[in-house]
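Take a look at the structure below.
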Amino acid sequence: MLLLIVSVVLVGFVGAGLAGITITVFLHRGLTHGAITLPGPVYSFGRWMTWSTTFMRHWEWRRVHRKHHLYVDTWIDDVRHDPHSPIVISQREGINGFRRVAWHMAGIFHAEARLPDVVDGTYELPTDRPLDRLDMTLFNRPVLGAVTAGVVYAVGLAVLVPLILGRHRSAGFEALCLLGGVVALAVHIGLVLRFGGAINSDCHKGKESTPGAGFALNVGRLSFLIFGEGEHLTHHLHPQLAQISRRWDLGWRVIQVLRALRLTSVAAERSQVLVTVS
Ligand SMILES: [Zn+2]
Ligand SMILES: [Zn+2]
C-alpha cells in the first residue's frame with residue numbers, strides 16, 4: 001500500500017515537472033517572449049505538452065503574460081491592468097494579495113482570459129503563429145487535456161503497479177490504482193498552481209518599484225524549485241534572454257540540449273547582455 005501511495009505521488013510530481021518545463025521553456029521563453037526560436041516540430045510538441053500537462057490554452061497564456069509585462073504592478077481600469085499583481089490586489093481589495101496570487105492563480109487567470117483585450121488579440125504580435133484548426137478543435141479544450149492526463153495516469157498505474165509490486169491482479173486493487181490516477185492528477189495540478197503562484201507572488205515582493213519591472217524581485221534560491229524563473233527582476237528588465245537565472249536554471253539547461261540538437265536557437269546570450277553579473 002505504501003508503495004502504491006509513493007507511486008501515485010511520484011507520478012504527480014513527474015507530471016508537474018513536465019508542466020513546469022513546458023511553461024518555462026515553451027510558453028514563457030519561447031512563445032511569449034521569442035527568446036528562443038520555435039521551429040515547426042518544436043512548436044507542435046510544445047502545444048501538445050501545453051494541452052496535456054498544463055491544461056491551459058497556449059494563446060491565452062501568451063496574451064495574459066504579455067499583459068502582465070505591459071502593466072506590471074499597475075491598475076488603470078477594469079481592462080488595462082496587471083492581470084495578477086499581488087500589490088494591486090492588496091490595494092484594491094484590501095486583502096493579502098500575495099496569498100491570493102500564491103494559491104488562486106487558476107481563478108485569476110481564467111477571469112482575466114475572458115476580458116475583451118485578451119480575447120480580441122490586443123497583445124498578439126505579427127510574428128505570432130496564427131491559430132489553426134487543431135488549436136480550435138482540440139487545444140481549445142483544456143479540461144479534456146486534464147481528463148486525458150488523469151486517464152493515462154489511472155491506466156498506467158493499473159497496468160504497471162501490480163507488475164512492479166509482483167502482485168496478483170484483483171478487481172479491488174485495480175480499482176485502487178484507478179483511484180490513484182485521480183489522486184496523481186490532483187497532486188500534479190496542485191503543484192503547478194502553487195509553484196506558478198510562487199513566481200507571481202514571491203517574485204513581486206520588492207521593496208521599491210523599478211521602472212518597467214514594477215515590484216519584481218530576484219529570488220535566486222527559488223530558481224531551484226521553479227526551473228530557473230527566480231531572477232524575476234532580471235527577466236522583467238531583459239525578457240529577450242533565454243537564460244533567466246545565473247544558477248539553477250533548469251529551463252536554460254533544456255534549451256541548451258535543444259540547441260545542441262539544432263532544434264532551437266537563442267535570440268540573445270545572457271553573458272553578452274548582462275556583462276556585469278554573468
Ligand atoms: Zn512579473
Ligand atoms: Zn515574462
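Once you mark the GluC sites (Glu not before Pro) that are in a DSSP loop and have at most 13 other Cβ atoms within 10 Å, what is the longest gap between them in the chain?
Working: sites that count: 208, 269.
The longest uninterrupted stretch comes out as 1-207.
Largest first, the three principal axis extents of the alpha carbons in the stretch 71-191 are 63, 40, 19 Å in whole numbers.
Among 84-90, 193-199, what's the highest-first ranking by average C-beta atoms within 10 angstrom per residue? Walk me through the numbers before you get to the answer.
Details: 84-90: 22.1, 193-199: 20.3.
Packing order, densest peptide first, comes out as 84-90, 193-199.
A full extension of the chain between residue 205 and residue 117 corresponds to an added length of 29.0 nm, given 0.36 nm per residue minus the alpha carbon distance. Taking all Cα pairs closer than 8 Å and separated by 6 or more residues, the relative contact order of the chain comes to 24 percent. Residue-normalised convex hull volume from the C-alpha trace of the stretch 2-218: 148 Å³ per residue. With 0.36 nm allotted per residue and the present C-alpha distance subtracted, the residue 133-residue 76 stretch has 17.0 nm of extension available. Computed 3J(HN,Hα) for the stretch 69-80, one whole-Hz value per residue from the Karplus formula 6.51 cos²θ - 1.76 cosθ + 1.60 where θ = phi - 60°, is 5, 5, 10, 2, 6, 10, 9, 9, 7, 5, 9, 8, glycine and proline marked x. With axes computed from alpha carbons, what is the tilt in degrees of helix 142-165 against the longest principal axis of the chain, rounded to the nearest 10 within 0 to 90? Computed tilt is about 40 degrees.
Every read-out reported here was derived from the displayed coordinates using simple, explicitly stated rules and does not represent laboratory data. Model, not experiment: these values are computed from the prediction. Neighbour counts run over all protein chains shown; Cβ positions are idealised from the backbone, glycine included.
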